[in-house]
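The values are calculated or read from the model by the stated rules, or taken from the named source; none is laboratory data. The shown structure was predicted, so the numbers you read here are calculated from the model rather than taken from an experiment. Don't worry about glycine lacking a Cβ; one is built from the backbone with ideal geometry, like all the others, and counts go over all protein chains shown. Areas reflect the complete protein model, heavy atoms only, side chains present, ligands, DNA and RNA absent. Shrake-Rupley method; radii C 1.70, N 1.55, O 1.52, S 1.80 Å.
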Amino acid sequence: MADTTDSTNFSSSNLVSGSFNSDTNEMTVTFHGGKPYTWTDVSASQWQGLKSAFSPGRYLRDNFGPGEPG
């Protein structure tokens, strides 16, 4: 079975890392301080947008509602 999770580390003042599972369309982002939050119903293009954003924190704020604490 193929790995369906894509992960990245962010160069951001707010975000540390993130992952996206294309099977479940769940995205998890870990903030500085260690708190992970999860979003559901995330598209692959939204995930790519976050990964390529000049400001990942701003992209997250502008394009997603509050996540659920992990």
Boolean, Thr40 is surrounded by fewer than 16 Cβ atoms within 10 Å (Cβ to Cβ) and within 22 Å of Pro69 (Cβ to Cβ): yes
Would you confirm whether or not segment 7-20 contains a residue that is open to solvent by less than 40 Å² (accessible area, probe 1.4 Å), in a loop (DSSP other than H, G, I, E, B) and more than 15 Å from Pro69 (Cα to Cα)? yes
Subset of segment 21-37 that is farther than 21 Å from Ser55 by Cβ and in a strand (DSSP E or B) - its residue that is most open to solvent (accessible area, probe 1.4 Å): Glu26
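Do you know which of the residues in segment 50-70 that are part of a loop (DSSP other than H, G, I, E, B) and surrounded by 12 or more Cβ atoms within 10 Å (Cβ to Cβ) is modelled with the lowest pLDDT? Reasoning before the result, please.
Applying the first criterion (part of a loop (DSSP other than H, G, I, E, B)) to segment 50-70 yields 53-55, 64-67, 70.
Within this subset, residues satisfying the condition of being surrounded by 12 or more Cβ atoms within 10 Å (Cβ to Cβ) are 53, 55, 64, 67.
Working: Ala53: 96, Ser55: 94, Phe64: 90, Gly67: 76.
My answer is Gly67.
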Considering only segment 41-70, state which residues are free of Cβ contacts under 8 Å to residues at least 24 places away in the same chain and of a type in the set (D, E, K, R). Asp41, Arg58, Arg61, Asp62
